[in-house]
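In what follows, a structure is listed as structure tokens, so that the remarks can point back to it.
The values are calculated or read from the model by the stated rules, or taken from the named source; none is laboratory data. Computed from a prediction, not measured in an experiment: that's the story for all the values here. Glycine also receives a Cβ, built like all others from the backbone with ideal geometry; neighbour counts cover every protein chain displayed. Areas reflect the complete protein model, heavy atoms only, side chains present, ligands, DNA and RNA absent. Shrake-Rupley method; radii C 1.70, N 1.55, O 1.52, S 1.80 Å.
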Amino acid sequence: ELSSKARRYFSVFLNIAEEVVLLGLDDATGRCVSNYASFAWGAGVLAELVALGRLDASQSPPALRDSSTAGNPVLDDAIRVIGLSRVARSLTHWIRSGPVEHGRDATLSRLVEAGILERVENRVLGLFTFRRYPAHDSAVENAIRQRLRSVLLEGQEPDARTRLLLSIVWRGGLLKTFVTNEERKAVSVRLQLLVGDEPVGAALGRVIDEDEAAVSATAIIAATT
């Protein structure tokens, strides 16, 4: 059962970046289930700005339409950084560079403070400290997963925020956190219909494809020298 603190927080709503972070963590171990957690988080921030009407991602480069406060420190910092940029930057730029320095860490801290995640620190060889973020319990994450499953497997129509989240988890390799391999094949057509043209998720997919291509090229060069 959710703690009262987590219940109060969740009863308002989690923003898309927070939901992406939760879906990207293993509930038991707190480890990232994707190599692209930071990219997915950055896409989540941009998607939330789109959902709030602050960012127009339908044009390239995206345009900041409203610089008023969003009531969230991470989102407000992202609005400020995008607004102060002297050069109009692409969605892929903001996803790759991160719209807020240390913003994912700040998002994790907010989820810990809300009682949704726990922070566990371990030391390796007495020298290196690393953090894991297991779920305090899995109720919040399970609610997110069920919402997405209802859209993909039960035909429920998504609202705008859920559509944006689906686009990111699809392109970011997070479908495996709430559907089985067999179900993934079954929902592929519906995903394409729902979010195939969504620009933030598409930009995330391009960033990941570029990184994977660079890694493959490096491996080929190393193998031939």
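Of the residues 119, 131, 123, which is modelled with pLDDT under 90, surrounded by fewer than 16 Cβ atoms within 10 Å (Cβ to Cβ) and either of a type in the set (Phe, Trp, Tyr) or in contact with a Lys or Arg (Cβ under 9 Å, 6 or more places away or on another chain) (or both)?
Residue meeting the stated conditions: 131.
Could you please find all residues in the stretch 28-45 being within 14 Å of residue 131 (Cα to Cα) and not small (Gly, Ala, Ser)?
29, 31, 32
Against the definition (among the β-branched types (Val, Ile, Thr) and under 23 Å from residue 105 (Cβ atoms)), how does residue 189 come out, yes or no?
Judged against the criteria, residue 189 is not a match.
Hey, can you tell me all the residues within the stretch 195-205 that are farther than 14 Å from residue 165 by Cβ and crowded, with 16+ Cβ neighbours inside 10 Å?
Matches in the stretch 195-205: 199, 202, 203, 205.
Please enumerate the residues belonging to the stretch 193-210 that are of a type outside the set (Asp, Glu) and over 20 Å from residue 144 (Cα atoms).
Hits for the stretch 193-210 are 193, 196, 199, 202, 203, 204, 205, 206, 207, 208.
Checking the structure you have, find out if any residue of the stretch 31-42 is open to solvent by 60 Å² or more (accessible area, probe 1.4 Å), more than 12 Å from residue 91 (Cβ to Cβ), part of a helix (DSSP H, G or I) and not β-branched (Val, Ile, Thr).
Yes, the stretch 31-42 has at least one match.
Residue pairs, Cβ under 8 Å, 6 or more apart or interchain, first in the stretch 103-114 and of a type outside the set (Gly, Ala, Ser), second open to solvent by 40 Å² or more (accessible area, probe 1.4 Å). List them.
Partner pairs satisfying both residue conditions: 104/38; 108/119; 112/118; 112/119.
Yes or no: the stretch 77-90 includes at least one residue that is within 25 Å of residue 26 (Cα to Cα), surrounded by fewer than 18 Cβ atoms within 10 Å (Cβ to Cβ) and either within 15 Å of the chain's Cα centre (by Cα) or in contact (Cβ under 8 Å) with a residue 24 or more places away in the chain (or both).
no
With respect to residue 25, determine if the residue is open to solvent by less than 40 Å² (accessible area, probe 1.4 Å) and either acidic (Asp, Glu) or touching a Pro at 6+ places or on another chain (Cβ under 8 Å) (or both).
It is true that residue 25 is open to solvent by less than 40 Å² (accessible area, probe 1.4 Å) and either acidic (Asp, Glu) or touching a Pro at 6+ places or on another chain (Cβ under 8 Å) (or both).
Can you tell me how many residues within the stretch 171-194 are open to solvent by 60 Å² or more (accessible area, probe 1.4 Å), under 17 Å from residue 141 (Cα atoms) and in a helix (DSSP H, G or I)?
1
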